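Some notes on the structure that comes next.
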Amino acid sequence: MDMLGVVLGLALLFGVGLLVMLGVGAAKLGKAAAAKISQEEAKARRAFENTALKAKSFAKPGAHGEISTVRLALRSALDSTRKVLAAGLAEDSQLAESLQLLSRLDAHAAELDGELRTLELEPEAGRVAAKLPELRERAERITHAAESMRWAAQDRMQRFADDELSRLAEECESEAGALRHWDSGTPSSPTAAAAAAPQGGRKGIAGKRGVSAEELLGLTDLAQRLRKRSA
């Protein structure tokens, strides 16, 4: 009975542990799915806002339309730079620092975008015209910083690709040279191999050098006596 109780207790503990592990796994999967959905929603919302800004930049004349143009250019510069840096991060870990800088730059851009959005709702055209140059200058500084990082990252990735291609080309040339090199003394065909083999043939009774048939059979003395009588 004691042994049965121990077994049941261990089984119960195992079942509880399994349930806890399943619960933790389900919670992690739920968080990952929620984060993925949130990211997709943010992308869709940003794409919709960019489309609306593009439409406003064409539809609204004057300063209000220019505000939409500034906001769209600011967003486009940051989004393009983020895509380039994220794409090259797998091959170049140093781009992680660039992404951190871009995140800090993105915070300034978000603050500026909020100010531009507020100014876009301002009905007084004179105030809009007075405030817009300063905001546009800040937007240009952020845009230029983002573009500089994007262009530098593109040049860096292109340089790495060129260096890798050069190394690969050198390795291919070296391998081609190795394939063209062979030893002239190595037989190139079975016929040549047979010709290069020793010509001794199989060693047998007739193949031993310096030994006559008489010697081989032990008839040397008999042969000499027969030769004397015939002489």
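The values are calculated or read from the model by the stated rules, or taken from the named source; none is laboratory data. Predicted model, so just to flag it, every value in this text is computed and none were measured. Quick note on the areas: whole protein, heavy atoms, side chains included, nothing else; ligands and nucleic acids left out. Shrake-Rupley method; radii C 1.70, N 1.55, O 1.52, S 1.80 Å.
Data table
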{"read-out": "Accessible area in square angstrom per residue, the stretch 61-143, 1.4 angstrom probe", "value": "56"}
{"read-out": "Segment Glu134-Trp182, length gained on full extension (0.36 nm per residue, minus Cα span)", "value": "9.8 nm"}
